[in-house]
Amino acid sequence: MERHTRRDWLRLTCCSAAGAAMVGGLSKLGLVSALAQGATDYKALVCIFLFGGNDGNNVIVPIDSRYTQYFQARSVLALPQSQLLPLQINGQANYGLHPNMPEMQGYFNTQKSLAILANVGTLVRPTTQAAYRASQNLPENLFSHSDQQDQWQSAQLAGTPVSGWAGKVADNVQTLNSGAQFPPILSISGSPVFCTGVTTRPFSMEPGQPPGLQGFDPSAASQARFAATQQLLTFDSGLSMVQAANAVTGQAVKFAQILSDSLKSAAPLQTKFPLNFLGQQLQQVAQVIAVRSALGVGRQIFFCAVGGFDTHADQLPQHVQLLSTVSQGMSAFYQATQELGVANSVTTFTLSEFSRTLEPGSNGGSDHAWGSHQLILGGAVKGNAVYGTFPTLALGGPDDADQNGRWIPTTALDQYAATLATWFGVSAANLPSIFPNLANFGTSNLGFMG
């Protein structure tokens with residue numbers, strides 16, 4: 001059951017609270033100053049969160065001698081070996097992608113701009129099967145959707161986070177956005193803790209809808225209502241919480257107008273995006289990146305999401321649609337970055353709260369698990385490689401937390417995110433303040449970024 005805590009209030013009291021509901025029709029605040037041009041050293045991170053727990057076991061599958069072990073353990077969820085899409089590494093094909101991800105196969109094999117990180121998850125420190133079974137130094141509430149979503153987004157593995165690792169990354173590169181007229185983080189999917197920093201607050205918007213307040217037009221009556229709305233936002237009620245909320249809303253109104261004016265001047269994208277919610281989100285991200293110079297930003301972070309990955313039943317047909325959506329959406333977005341000339345400056349990556357058991361559950365589904373495999377795509381990615389350590393696909397084997405194929409991660413979320421943050425511009429000295437468990441691991445850079 002979803003929890004409603006002080007975390008929800010903290011998430012709402014940021015620019016995204018008002019920004020998410022804004023559509024069309026503000027009076028002009030003027031175009032952004034021509035002096036606020038984006039830095040030439042532009043970089044962007046684009047997160048795609050797969051809510052529900054994506055079954056990484058069927059995203060990438062061994063197609064060498066290990067396939068027999070996979071097939072026997074997966075039973076009714078096993079993908080036929082002949083249908084898997086081979087991943088060629090140095091002339092060898094030891095792994096195959098899900099049959100409905102041909103776009104990702106092309107970026108891995110041909111363009112070499114896709115990397116796969118194997119068996120990554122939330123870890124306090126390197127963990128063995130014995131340590132897990134003794135409950136030593138484990139993340140809090142493993143296998144819980146809400147807790148693991150928070151942990152993946154914050155790198156805080158106990159308690160309720162009030163800020164996310166992306167928000168803290170944005171805090172640490174503020175000097176690279178010194179001329180910005182707009183927040184460095186934009187969510188196209190709600191108000192996640194991922195985007196909130198200690199000082200950075202995100203902007204949030206609905207994909208495909210112009211930012212701005214609803215219900216106002218150029219008529220005198222409408223403009224009078226708009227003026228009254230502005231007065232309400234600046235009215236001194238004497239109540240600190242009301243004043244704070246009004247200030248946040250007023251700031252969001254300002255940012256909405258800046259973004260709206262900038263988007264009006266942008267040329268339409270030629271890249272065609274899939275006609276689904278993820279495609280719309282990624283198209284919106286591409287449109288915002290296209291006006292980066294007008295916004296004056298040198299660094300940007302975006303949050304997109306797609307749900308439906310909690311596949312306790314009928315997983316195979318659901319995964320066909322879900323992974324098609326992810327593969328096609330990521331492909332279209334990469335093409336858009338090529339069109340905009342920023343493919344080497346934009347890195348897209350996936351997150352999900354956990355994987356699913358290798359052993360099937362009832363009704364053709366699978367249960368909550370732990371370590372999973374993630375995708376990283378971009379021109380700066382050292383692709384055509386599987387990073388990390390792939391688990392031994394044995395039920396009850398050395399990598400299994402239990403007896404069902406819940407892989408104990410061999411790479412930590414902190415290492416994954418720190419590698420992205422380092423490329424983005426965070427110094428090694430500042431990484432521990434963002435990723436509190438990073439010092440427990442041998443390396444902070446996994447090497448998949450150029």
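Report whether or not residue 179 is open to solvent by less than 30 Å² (accessible area, probe 1.4 Å), at pLDDT below 95 and touching a Leu at 6+ places or on another chain (Cβ under 9 Å).
The answer is no for residue 179.
So how many residues does region 334-363 have that are over 25 Å from residue 53 (Cα atoms) and in a helix (DSSP H, G or I)?
9
Enumerate the pairs (first residue in region 340-368 and among the charged types (D, E, K, R); second residue anywhere and open to solvent by 10 Å² or more (accessible area, probe 1.4 Å) and part of a strand (DSSP E or B)) with beta-carbon separation below 9 Å, excluding pairs fewer than 6 apart on the same chain, so at least 6 apart or on different chains.
From residues that are among the charged types (D, E, K, R), the pairs are 353/368; 356/368.
Looking at (1) of a type outside the set (A, V, I, L, M, F, W, C); (2) touching a helix residue (DSSP H, G or I) at 6+ places or on another chain (Cβ under 6 Å); (3) within 29 Å of residue 333 (Cα to Cα); (4) modelled with pLDDT of 95 or more, find the lone condition where residue 37 falls short.
The failed condition is (4).
Restricting the search to region 242-263, which residues are touching a helix residue (DSSP H, G or I) at 6+ places or on another chain (Cβ under 7 Å), open to solvent by 20 Å² or more (accessible area, probe 1.4 Å), among the hydrophobic types (A, V, I, L, M, F, W, C) and at pLDDT below 90?
If the condition is that a residue be touching a helix residue (DSSP H, G or I) at 6+ places or on another chain (Cβ under 7 Å), open to solvent by 20 Å² or more (accessible area, probe 1.4 Å), among the hydrophobic types (A, V, I, L, M, F, W, C) and at pLDDT below 90, then 248, 255 are the ones that fit.
Find all pairs meeting these conditions: Cβ atoms under 7 angstrom apart; at least six residues apart or on different chains; first residue within region 134-151 and at pLDDT 95 or above; second residue surrounded by fewer than 19 Cβ atoms within 10 Å (Cβ to Cβ) and among the basic types (Lys, Arg).
Close Cβ pairs satisfying both conditions: 137/125; 146/3.
Can you tell which of 340, 316 is open to solvent by 10 Å² or more (accessible area, probe 1.4 Å), more than 27 Å from residue 256 (Cα to Cα) and either over 16 Å from the mean Cα position of the chain (by Cα) or at pLDDT below 95 (or both)?
The conditions single out 316.
When you check residue 95 against the structure, is it under 27 Å from the mean Cα position of the chain (by Cα), over 30 Å from residue 188 (Cα atoms) and in contact (Cβ under 8 Å) with a residue 60 or more places away in the chain, yes or no?
Answer is yes for this residue.
In this structure, is residue 58 touching a Ser or Thr at 6+ places or on another chain (Cβ under 6 Å) and more than 21 Å from residue 420 (Cβ to Cβ)?
No: the conditions fail for residue 58.
Condition (residue is out of contact with any Ser or Thr (no Cβ under 8 Å at 6 or more places or on another chain), among the aliphatic types (A, V, I, L, M), modelled with pLDDT of 95 or more and more than 19 Å from residue 120 (Cβ to Cβ)) applied to region 398-420: is it met by at least one residue?
no
With 414, 402 as the choices, which residue is in contact with a helix residue (DSSP H, G or I) (Cβ under 6 Å, 6 or more places away or on another chain) and charged (D, E, K, R)?
When all the criteria are applied, what remains is 414.
Hey, does region 126-146 have a residue that's of a type in the set (Val, Ile, Thr) and closer than 30 Å to residue 43 by Cα?
no
Do you know which residues across region 286-310 are closer than 19 Å to residue 195 by Cβ and without any contact (Cβ under 8 Å) to a residue 40 or more places away in the chain?
287
Within region 360-372, track down each residue that is open to solvent by less than 10 Å² (accessible area, probe 1.4 Å) and in contact with a Gly (Cβ under 9 Å, 6 or more places away or on another chain).
Within region 360-372, 366, 369, 370, 371, 372 qualify.
I'm checking my understanding of the structure. Among residues of region 383-436 that are without any contact (Cβ under 8 Å) to a residue 24 or more places away in the chain and assigned to a helix (DSSP H, G or I), which one is least open to solvent (accessible area, probe 1.4 Å)?
431
So the check is Cβ under 8 Å with 6+ separation or different chains; which pairs have a first residue in region 73-91 that's in contact (Cβ under 8 Å) with a residue 24 or more places away in the chain and a second one that's in a loop (DSSP other than H, G, I, E, B) and open to solvent by 60 Å² or more (accessible area, probe 1.4 Å)?
The qualifying pairs are 73/359; 73/395; 74/359; 75/359.
Here's a check for you: in region 264-289, which residue that is of a type outside the set (S, T, N, Q) and open to solvent by 40 Å² or more (accessible area, probe 1.4 Å) is farthest from residue 321 (Cα to Cα)?
So, considering only residues that are of a type outside the set (S, T, N, Q) and open to solvent by 40 Å² or more (accessible area, probe 1.4 Å), the one farthest from residue 321 (Cα to Cα) is 264.
Scanning for something at pLDDT below 95 and either within 25 Å of residue 360 (Cα to Cα) or touching an Asp or Glu at 6+ places or on another chain (Cβ under 7 Å) (or both), does region 8-22 turn up at least one residue?
yes
Mind checking whether some residue in region 130-148 is under 24 Å from residue 398 (Cβ atoms) and aromatic (Phe, Trp, Tyr)?
yes
Tell me, which helices (runs of 4 or more DSSP H) lie completely within region 57-142 with 2 or more residues that are open to solvent by less than 10 Å² (accessible area, probe 1.4 Å)?
67-74, 102-109
The values are calculated or read from the model by the stated rules, or taken from the named source; none is laboratory data. Please read these numbers as outputs of a predicted model, since none were measured by experiment. Neighbour counts are summed over all protein chains in view; Cβ atoms, including those assigned to glycine, are modelled from backbone coordinates with ideal geometry. These accessible areas exclude ligands, DNA and RNA; they are computed on the full protein's heavy atoms, side chains included. Shrake-Rupley method; radii C 1.70, N 1.55, O 1.52, S 1.80 Å.
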